[in-house]
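Engineer: Here it is: the structure, laid out below.
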Ligand code: GDP
């Protein structure tokens, strides 16, 4: 390691102690003082500043540790390998003879939800070594089908001919299987998200902090290739915007979602995190304009944001939001707008959104394919990351907890089924050993990755 790296590492150690000295001293003092509220606000502001400084230093570590080029090359290599395996799977030498999996794109939901449906089918296909056939005639975003907007998911094999089609899971070994929606299958195969392929896991975890979403992002990368006309429409819309870095992406999902599947969040709740991002960035470099790319299905949000936050520059297309807000949501026009939004959100330096929305999650998954590791570059106001219909998501205890407060007890190695993070230092979950349900100090647990022995596609060179 370089001298700079060693110095930075020591600085973080020392400044973490300094943070504690400060908090301890100030709070002990404030106990005896009058006008506590004002004093506590000052302390909070100071802690925030010191926290940003620590995080900023930590983000510099990978730039100085000497492995940055290695991480970039490795991320590109593993992504390339997955893409080549998918290409191999999707283009069998003899299509007529190949085992196949059929999925229909007729899920009555939004585009994010439909993308996740295809991702689920493609993972299923990859796990069972079947070529995925996507039936999309009568698709709500283009009546003629997926292939009229995007490149087909196979160059050579797009039909099951006249072979008999058998519905999964009635039989596993039929030549042509058809798959229903993930929400309707009762016995979920272990290879479904958030599982990742065992043969690649130890490569992915060395450059990425959230391998499950990286893996899902790779599926999106394979399927989401706009055709020329669509790409031109996207490029033309983007060309009209002043999209420049640094920039923070904000996704605000309202309309039909609010009150049914998610709570209403005020613009202020998103902007707190945007401000925090820029305050931290300004510790190491000047920021001339605090830019925000705002994507939303609420036609009034852009104007509202501009009037409430005049010191920020908001990029976004009011007409896209307007289309997304109405019954025109499922038309070809709205698809172009949504692709612009997704593409740009995924190019932002940081993303503030609600993971209850599939659009927010797709943006993050795409972000994971645009860089080596996006796992530290987002904030979700509500859910932790998940894949709709996923298998159990556990965390594993890495420190013991005695459960002396309102939290539950656990031992090192216990698996805890996770319900969510409260973003206050605690999450909620169930200890699978004791069946106790309650609060868990998040920092004493780590994500439990499920490694599944997917086929290794030895025919595709490493
Ligand atoms: P979810 O309902 O938010 O979980 O995601 P879906 O993709 O299933 O459905 C939401 C639909 O609302 C999308 O497919 C879009 O048509 C529209 N929508 C939501 N947010 C946005 C946005 O930020 N921009 C655009 N253009 N459309 C959006």
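A short reminder: the numbers here are calculations on the coordinates, not readings from a lab. Just so it is clear, the structure is predicted and the values come from calculations on it, not from any experiment. Don't worry about glycine lacking a Cβ; one is built from the backbone with ideal geometry, like all the others, and counts go over all protein chains shown.
Engineer: Ignoring everything except DSSP H segments at least 4 long, calculate the 222 nm mean residue ellipticity for the chain; use -39,500 (n - 2.57) per segment, divide by total residues, nearest 500.
Structural biologist: Helix contribution divided over all residues of the chain: -13500 deg cm²/dmol.
Engineer: What does the C-alpha gyration tensor say about the overall shape of segment 62-175? Classify as rounded when a/c is under 1.5, otherwise prolate if a/b is larger than b/c, or oblate.
Structural biologist: Cα axes put segment 62-175 in the prolate bin.
Engineer: Additional query: Report the rotationally averaged projected area of segment 23-74 based on its alpha-carbon convex hull, in square nanometres.
Structural biologist: 4.7
Engineer: On a 0 to 90 degree scale, rounded to 10, what angle separates helix 211-223 from the longest Cα axis of the chain?
Structural biologist: 40
Engineer: Can you give the Kirkwood hydrodynamic radius of segment 100-152 from its Cα pairs, in Å with one decimal?
Structural biologist: Final number for the Kirkwood radius of segment 100-152 is 11.3 Å.
Engineer: Given labels modelled 7 Å from the Cα in the Cβ direction, how far is it in nm from residue 371 to residue 22?
Structural biologist: 2.5
Engineer: Can I ask one more? Could you tell me how many cubic angstrom of Cα convex hull volume the chain has per residue?
Structural biologist: Taking the convex hull of the Cα positions in the chain, it is 176 Å³ per residue.
Engineer: Another question, if that's okay. Which order, highest average first, do 313-322, 246-255, 63-72 follow once you tally other Cβ atoms within 10 Å for each residue and take the mean per peptide?
Structural biologist: Result, highest mean first: 246-255, 313-322, 63-72.
Engineer: Starting from the Cα of residue 402, step 7 Å along the direction of its Cβ; do the same at residue 275; then give the gap between the two resulting points in nm.
Structural biologist: 4.0
Engineer: Just to confirm the number: angle between the C-alpha axis of helix 228-239 and the first principal axis of the chain, 0 to 90 degrees, nearest 10?
Structural biologist: Helix 228-239 sits roughly 20 degrees off the main axis of the chain.
Engineer: Next question. Kindly provide log₁₀ I(q)/I(0) values, in the same order as q = 0.12, 0.15, 0.20, 0.29 Å⁻¹, from the Debye equation applied to equal alpha-carbon scatterers of segment 390-454.
Structural biologist: Reported log10 I(q)/I(0), two decimals: -0.26, -0.40, -0.69, -1.41.
Engineer: Quick one: go through segment 47-76 and flag any residue whose amide nitrogen is under 18 Å from the point 7 Å out along the Cα-to-Cβ line of residue 29.
Structural biologist: Under 18 Å, as judged by backbone N against the label point of residue 29, lie 47-51 of segment 47-76.
Engineer: Let me ask something else about it. Grab the alpha carbons of segment 1-112, take their convex hull, and tell me the volume per residue in Å³. Walk me through the numbers on the way to the answer.
Structural biologist: On the way: hull volume 23.1 nm³, N = 112.
In segment 1-112, the Cα hull volume divided by residue count equals 206 Å³.
Engineer: Could you rank the peptides 202-214, 82-94 by their average count of other C-beta atoms within 10 Å per residue, with the highest value first?
Structural biologist: Details: 202-214: 20.3, 82-94: 17.0.
Per-residue mean Cβ counts within 10 Å order the peptides as 202-214, 82-94.
Engineer: Okay, moving on. Round to the nearest 0.05 the FRET efficiency obtained for residue 158 and residue 311 when R0 = 41 Å and r is the Cβ-Cβ distance.
Structural biologist: The computed FRET efficiency comes out at 0.20.
Engineer: Taking Cα atoms, how many degrees apart are the long axis of helix 267-281 and the longest axis of the chain, rounded to 10 and kept between 0 and 90?
Structural biologist: Computed tilt is about 70 degrees.
Engineer: Using 0.36 nm times the number of residues separating residue 91 and residue 268, minus their current alpha carbon distance, what extension gain do you get?
Structural biologist: 58.8 nm
Engineer: For segment 227-293, take the alpha-carbon Rg, divide it by the Kirkwood Rh, and send me Rg/Rh. Walk me through the intermediate numbers first.
Structural biologist: Values: Rg = 16.1 Å, Rh = 14.7 Å.
Over the Cα atoms of segment 227-293, Rg/Rh equals 1.10.
Engineer: Restricting things to alpha carbons, find the Rg to Rh ratio for segment 299-432 using the Kirkwood radius for Rh.
Structural biologist: Dividing the radius of gyration by the Kirkwood radius yields 1.08.
Engineer: Compare the peptides 345-351, 26-32 by average per-residue count of other Cβ atoms within 10 angstrom and give them in order, highest first.
Structural biologist: Averaged packing, sorted descending, gives the order 345-351, 26-32.
Engineer: Another question, then. Can you grab the distance from the C-alpha centre of segment 242-295 to the C-alpha centre of segment 421-436, Å, no decimals?
Structural biologist: 29
Engineer: Give the distance, in whole Å, between the Cα centre of segment 132-149 and the Cα centre of segment 315-377.
Structural biologist: Each part reduced to its Cα centre gives a spacing of 21 Å.
Engineer: Rounded to a whole number of µm²/s, how large is the Stokes-Einstein D of segment 341-413 at 37 °C and 0.692 mPa s, given Rh as the Kirkwood radius over C-alpha pairs?
Structural biologist: On the way: Rh = 14.3 Å.
In µm²/s, the coefficient is 229.
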